[in-house]
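> The structure is given below, and queries will be raised subsequently.
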Amino acid sequence: MYYIGKGAETLVKSRISTHRYDKTLNAFRRHGVMAVLVPSLLPPPAPFKPFVLLAGIAEISAAKFTTAILIGRGARYFIEGLLALWYGERAIAYLRQHGVEVGVTVVALVLAGFVLYLRWPRAKHSA
């Protein structure tokens, strides 16, 4: 999907308004790796393919893209594996009972982290 995105700019432009396309692409170029890392952490049914496609269109480097996916998916599956080992059937029962609350909490935490990232002062490098 990433490499398809590199050649699918015309197709995506025809699907959404020019203003929305420009705004989305600018966000991807500005936030780069974070624009791919955050969605890679989210569990299904959160859409991930549009982010991969847009990363290709925004020309995020393949190395940065791959690193973001490895970190995001690696962290997600590692945490899921640990939780399965530690809690097993109790976790499944809990999620069946409180799944919506858990999902909303996880999304809220990820969004809060992203907002903190956006607001965090960046060190200015002088050349």
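Read-outs: derived from the displayed coordinates by stated rules, not from any lab. The shown structure was predicted, so the numbers you read here are calculated from the model rather than taken from an experiment. Please note: Cβ atoms are built from the backbone with ideal geometry, for glycine as well, and neighbour counts cover all protein chains shown.
> Taking segment 54-96 on its own, how many of its residues are surrounded by 14 or more Cβ atoms within 10 Å (Cβ to Cβ), in a helix (DSSP H, G or I) and among the β-branched types (Val, Ile, Thr)?
4
> Quick one: in segment 1-27, of everything that is of a type in the set (S, T, N, Q) and exposed (fewer than 14 other Cβ atoms within 10 Å of the Cβ), which residue is nearest to Phe48 (Cα to Cα)?
Asn26
> Does any residue of segment 20-40 turn out to be in contact (Cβ under 8 Å) with a residue 12 or more places away in the chain and among the hydroxyl-bearing types (Ser, Thr, Tyr)?
Yes; the residues of segment 20-40 include at least one that is in contact (Cβ under 8 Å) with a residue 12 or more places away in the chain and among the hydroxyl-bearing types (Ser, Thr, Tyr).
> Suppose we filter segment 11-53 for residues that are part of a helix (DSSP H, G or I), among the aliphatic types (A, V, I, L, M), under 26 Å from Val102 (Cα atoms) and out of contact with any Phe, Trp or Tyr (no Cβ under 9 Å at 6 or more places or on another chain); how many remain?
2
> Under 9 Å between Cβ atoms, at least 6 apart or on separate chains: pull out the pairs that start in segment 73-88 with a residue that is more than 20 Å from Leu109 (Cα to Cα) and end on any residue that is basic (Lys, Arg).
none
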